[in-house]
Every structure is written in structure tokens, then in C-alpha cells.
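Report on one structure; see the data block that follows.
The values are calculated or read from the model by the stated rules, or taken from the named source; none is laboratory data. Just so it is clear, the structure is predicted and the values come from calculations on it, not from any experiment. Here the Cβ positions follow ideal geometry from the backbone for every residue, glycine too, while neighbour counts run over all protein chains shown. Keep in mind that these areas ignore ligands, DNA and RNA; they rest on the heavy atoms of the full protein, side chains included. Shrake-Rupley method; radii C 1.70, N 1.55, O 1.52, S 1.80 Å.
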Amino acid sequence: MRSISSRLLHGALAAGATAGLLATVTTAPAQAASGYDRCAWGKLCVFSEPLGRGDMLVVTGSMLRLGSWDNRISSFANYSDMPVCFNSEPDLDGNPERARATHYYSGQVSFDESSRPDLDNAVSSLDLDREADYFCGTEGRFPTYWWEFENKKRPAGQPAPAAFGDADGDGFGDLYARDKFGQLWTDHTYASKGRTRVVGGGWNAMTQLTRHGDYNGDAKEDLFARDRSGVLWFYPGRGDGTFGDRVKVGGGWNAMRDLAAAGDLTGDGRADLLAADSTGTLWTYPGDGHGTFGDRRKVGGGWKVMNELVGAGDMNSDQRSDLVARDTAGKLWFYPGTGRGTFGDRRLIGTGGWNGLTELAGVGDVTGDGRPDLLAHAPGEKALRVYPGTGAADGGLRAPRQYAQARSTHLVF
């Protein structure tokens with residue numbers, strides 16, 4: 001019995017020793033991560049030294065400026081599901097005469113050992129985006145016009161209502177575009193005298209942006225913007241693509257699902273605004289010639305089926321402003337204006353597929369034939385299309401043409 005007890009005691013001591021050894025192993029501090037291992041899966045991390053050494057910054061999105069990391073990135077690990085573009089210039093400059101840029105997908109790179117050693121400690125902005133590879137080293141901050149499309153000057157002597165869409169009065173239709181950073185750009189065709197530039201930042205605070213010519217009687221293109229709190233603001237144009245001090249129109253505009261600056265709908269020579277509320281009622285807000293509006297007038301109900309309203313101008317050549325609307329089935333409709341703030345019988349001008357386009361915009365005549373055209377953003381193609389207006393009684397459109405290159409994150413109007 002004694003020997004059995006000894007063996008049991010010996011076994012117990014051995015088991016206890018083993019347990020203690022195992023406990024020691026499992027509770028020992030893990031070896032600190034070093035190099036690229038410090039970067040978590042699903043993240044982009046940049047490092048101040050080669051091979052993932054030195055200081056580390058976890059990047060959560062595109063950066064126009066790098067702050068204290070300007071010209072400090074020496075290596076990186078991209079474990080995200082998006083490509084990244086590194087640019088030698090701030091603000092993701094797309095001018096190839098200035099900017100040196102390259103893109104990468106997933107992996108680990110030390111610039112000093114890569115095909116781009118010139119970017120070692122020489123990066124001033126970066127783009128982490130699903131389209132970063134496509135736009136890396138080219139202009140992606142604003143739409144760029146296709147060379148194949150010649151944006152022609154509008155005919156001289158057109159009536160004032162036909163001048164909408166021309167931000168600087170040089171006879172060419174212009175674009176405005178808001179980028180993903182909230183910057184608003186005024187964008188001019190190559191033949192224009194205008195200079196493409198940033199109007200300002202902070203425009204992501206706006207939930208709706210719309211324009212259609214002059215609203216305060218000075219013959220310059222103006223802009224309306226609704227902020228997140230539902231306040232509608234009037235931005236008077238300066239005639240160079242920028243705007244003067246904004247004026248508050250009023251609050252409560254979050255009750256409206258869609259807004260469309262639409263030109264003179266009431267026949268009094270002043271530009272008006274259309275608004276569709278959450279119940280599906282469409283309203284005309286008659287302009288007072290000072291950037292604000294008089295008492296609204298009810299157009300009618302049933303507009304909840306429409307998910308896009310476009311003040312496209314005089315599409316049927318009767319000297320009255322018209323409306324184009326897209327329904328939830330992807331069909332496009334033309335509503336001829338009556339000149340009394342209402343519309344005549346609608347006509348189908350697009351049989352389907354229009355829901356594949358993010359926004360539609362009326363920017364006036366961009367083809368130089370004196371007739372207003374329709375602009376459409378095709379994000380899958382990273383492009384803007386122009387649908388030339390025919391000026392026919394049915395308000396129809398011609399086959400589309402590629403007009404400009406644009407990111408899917410741009411809001412173009």
C-alpha cells in the first residue's frame with residue numbers, strides 16, 4: 001500500500017509540475033509585433049521607415065493632405081480590399097507635369113526597394129478608394145472632358161432663359177461637381193476661357209444642390225443648396241463660376257424629397273423652383289427675382305413614383321420651360337410646361353434603364369445647336385453622357401455620347 005501511495009504521490013507531483021509548466025507557457029507575454037505585422041487585417045498602414053519599421057499610421061480613407069506625415073512615408077502594408085494611390089503632390093493633383101503617382105493593390109511595399117524609389121519619403125497625398133487605380137496619376141478631382149467630344153459654343157442671340165448652365169457667360173455650358181471630400185468645383189470645357197477650380201469646401205453638409213440660370217436679376221448663374229437641417233440657401237453667382245455671400249431662403253425644406261431649379265415656369269420672366277414632398281405632391285415655388293420665392297402653388301399629386309426631377313429647359317421649342325422626370329421603373333418622361341406653373345400631358349422619352357444612372361442634370365446647350373441637352377452620370381462607366389435634345393414637340397432626345405470622365409463619387413450638376 002505504501003508503494004502505491006508513493007507512486008500516486010509521485011504522479012501527483014509530476015502532474016502538478018507539468019501543469020505549472022503549461023501555465024507558465026500560456027501566461028507568458030506574447031512577443032510584440034514588429035514590422036508589417038503591426039498592421040491589422042482589413043487596414044492600410046503606412047510606416048516612417050523601410051520594411052514596416054518606425055512610426056505607423058493607420059489610414060482610414062483618402063487624404064488630400066498628410067499633415068505631420070507629409071514626405072514621411074517609406075513603406076506600407078495594404079490589407080484592405082481597395083487599391084491605394086500614392087501621390088507626390090498635395091490634394092491628389094492629377095497634373096502629370098507636377099505629380100508623380102503610382103497605385104498598388106494588397107501587399108507590403110518598401111518604396112526604396114520598389115519600382116518607384118522616387119516616392120520614398122516623397123508622398124504628400126493618398127487615395128484609398130475602389131477607383132484609385134483607375135484615376136491614379138490622372139485628374140480625378142473633377143470631371144474631365146473627352147477630347148473626342150467637342151463642346152461647342154452656343155449660338156449668339158439666344159433668349160435669356162436659354163443661357164442657363166453657363167457659369168461664366170462665355171457661351172459654353174459648364175459643370176459643377178462635388179467630390180467625396182465635400183469640395184465643390186466649377187468645371188469648364190477646354191475651349192472655354194473659364195478656369196476649373198475649387199469653389200470651396202464643406203459642401204458635403206448639403207443634401208441637395210440645384211441650379212438653372214439667374215434667380216436675382218443680374219444675368220449670372222446662381223445656385224440653391226439645402227443643408228442637413230432642412231434650411232434652403234441661395235448662392236448668388238459672381239459670373240466667374242464662384243458665388244457671393246449666401247442668403248437664407250427658409251427652413252423646413254427637409255419635407256421635400258426632391259428639388260429642381262427649373263427656370264421660368266409661370267411666364268412672369270422670373271425663374272422658379274419645383275419641389276416634390278414626401279406625400280408625392282409637386283409644388284411650384286414662383287421666384288420673386290431676388291433669390292427667394294412667393295407663395296407656392298400645387299401642381300398635383302402622384303409624384304412619389306418619380307425619383308428624379310430635372311429642370312431641363314425648353315425641350316420642345318415653344319419658349320416655355322419644361323420638366324423631365326425619371327420614375328422608379330427607370331422610365332424617362334417629358335412634361336411640357338404650360339407657362340402657368342403647371343404641365344401638359346406627359347410623353348415617354350426613355351423606355352427603361354434610366355435607373356442605372358445616378359443623377360440626371362439639365363445644364364443647357366452643350367452641343368452648340370441652340371437646344372438644351374440632358375446630362376447623365378453613368379458610374380459604372382466612370383463617365384458622363386450627354387443626350388442631345390432634338391427640340392421636337394415630343395421633347396425627345398438623341399442617342400447619347402460620352403461627354404466627360406467622372407468618378408462614381410462625384411455629384412455632377
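With q set to 0.09, 0.21 Å⁻¹, the log10 of I(q)/I(0) for segment 148-298, from the Debye formula over equal scatterers at the Cα positions, is -0.28, -1.37. Give the shape of segment 218-337 as rounded, prolate or oblate, defined through the alpha-carbon gyration tensor: a ≥ b ≥ c are the square roots of its eigenvalues, a/c under 1.5 means rounded, and otherwise the shape is prolate if a/b is larger than b/c and oblate if not. Judged from the Cα gyration tensor, segment 218-337 comes out oblate (a/c at least 1.5, b/c at or above a/b). On the beta carbon distance between GLU113 and ARG197, with R0 = 30 Å, the FRET formula returns roughly 0.20.
Summarising the overall dimensions of the chain from its C-alpha atoms, the Rg and Dmax are 29.4, 121 angstrom. When Lys and Arg each count +1 and Asp and Glu each count -1, what net charge do the other residues less than 11 Å away from GLN402, Cβ to Cβ, add up to? My count for the surroundings of GLN402 gives +1.
Ranking of THR242, THR60 by solvent-accessible surface, largest first: THR60, THR242 (1.4 Å probe, protein heavy atoms only, all chains present).
The sum of -39500 (n - 2.57) across all DSSP H runs of n ≥ 4, divided by the residue count of the chain, sets its helix-only mean residue ellipticity at 222 nm to -2500 deg cm²/dmol. Comparing Cα centroids, segment 361-413 and segment 182-221 end up 17 angstrom apart. In this label model, ASP240 and SER48 are separated by 4.2 nm, measuring between points 7 Å along each Cα→Cβ vector. Sorted from longest to shortest, the spans of the Cα atoms of segment 119-235 along the three principal axes equal 56, 42, 21 Å. Let me make sure I get this right: for segment 262-301, a, b and c are the square roots of the gyration tensor eigenvalues over alpha carbons, sorted descending. Under 1.5 in a/c it's rounded, otherwise prolate if a/b > b/c, else oblate. Which is it? Cα axes put segment 262-301 in the prolate bin. Oblate is the label for segment 270-373. Its Cα gyration tensor axes, ordered a ≥ b ≥ c, give a/c of at least 1.5 and b/c at or above a/b. Only one residue of VAL363, SER62, PRO400 has its Cα farthest out toward the positive end of the dipole of the chain, where Lys and Arg carry +1 and Asp and Glu -1 on Cβ, and that residue is SER62.
With charges set only on the Cβ (+1 for Lys and Arg, -1 for Asp and Glu), what does the dipole of segment 111-235 come to about its Cα centre, in debye to the nearest 20? Write down the numbers at each step before the final one.
Numbers: 15 positive and 22 negative charges, 127 e Å.
Rounded to the nearest 20 debye, it is 600 debye.
With R₀ fixed at 56 Å, the C-beta to C-beta distance from SER34 to SER229 puts the FRET efficiency at about 0.70. Among the protein heavy atoms of segment 220-363, carbon and sulfur supply 43% of the accessible surface, probe 1.4 Å, non-protein parts ignored. Taking every protein chain into account, the accessible area of the chain amounts to 45 square angstrom per residue (probe 1.4 Å). Summarising the label geometry, the points placed 7 Å from Cα in the beta-carbon direction at ASP288 and TRP147 lie 5.2 nm from one another.
Evaluate the charge dipole of the chain about its Cα centre and quote only its size in Debye, nearest 20, assuming +1 on the Cβ of each Lys and Arg and -1 on the Cβ of each Asp and Glu.
Details: 45 positive and 52 negative charges, 276 e Å.
That gives the chain a dipole magnitude of about 1320 debye.
Think of segment 257-307 as having a plus end and a minus end, set by charges on the Cβ of Lys, Arg, Asp and Glu; of GLY287, LEU274, MET306, MET306 sits farthest toward the positive end of this dipole.
Think of segment 78-151 as having a plus end and a minus end, set by charges on the Cβ of Lys, Arg, Asp and Glu; of VAL84, ALA132, ALA99, VAL84 sits farthest toward the positive end of this dipole.
Based on the Cα coordinates of segment 40-177, what is the per residue volume of their convex hull in Å³?
Numbers: hull volume 18.6 nm³, N = 138.
Value for segment 40-177: 135 Å³ per residue.
Note on segment 250-291: with charges restricted to the Cβ of Lys and Arg (+1) and Asp and Glu (-1), its dipole about the Cα centre is near 100 debye.
If you take every residue apart from ASP295 with its C-beta less than 13 Å away from the C-beta of ASP295, what net charge results, scoring Lys and Arg +1 and Asp and Glu -1? Working shown, then result.
Values: positive: ARG296, ARG297, LYS298; negative: ASP272, ASP288.
In short, +1.
For segment 58-115, just run the numbers: alpha carbon Rg, then divide by 2.2 N^0.38 Å, N being how many residues it has. All intermediate terms of the calculation are to be shown ahead of the outcome.
Values: Rg = 11.5 Å, N = 58, 2.2 N^0.38 = 10.3 Å.
Expressed relative to 2.2 N^0.38 Å, the Cα Rg reads 1.11.
Put simply, the convex hull of the Cα atoms in segment 337-413 casts, on average, a shadow of 5.8 nm². Zone of ASP277 (label point 7 Å along Cα→Cβ, backbone N under 14 Å): which residues in segment 236-268? Flagged as within label range: 252-258.
When only Cα pairs under 8 Å and 6 or more residues apart are kept, what is the percent relative contact order across segment 195-337? Present the calculation step by step, with values, prior to reporting the outcome.
Working: 346 pairs, mean separation 22.1, N = 143.
About 15 percent, as a whole number.
Rounded to the nearest 10 degrees, what's the angle between the helix 2-27 long axis and the longest principal axis of the chain, both from Cα atoms, 0 to 90? Approximately 30 degrees, to the nearest ten. Spatial offset of segment 291-317 relative to segment 48-62 amounts to 51 Å, using the alpha carbon center of each.
Close amide H partners of THR207, meaning residues 5 or more places away or on another chain with modelled amide H under 5 Å apart, are ARG226, ASP227, ARG228. Computed over all pairs of different Cα atoms, the Kirkwood value for the hydrodynamic radius of segment 319-382 is 13.0 Å.
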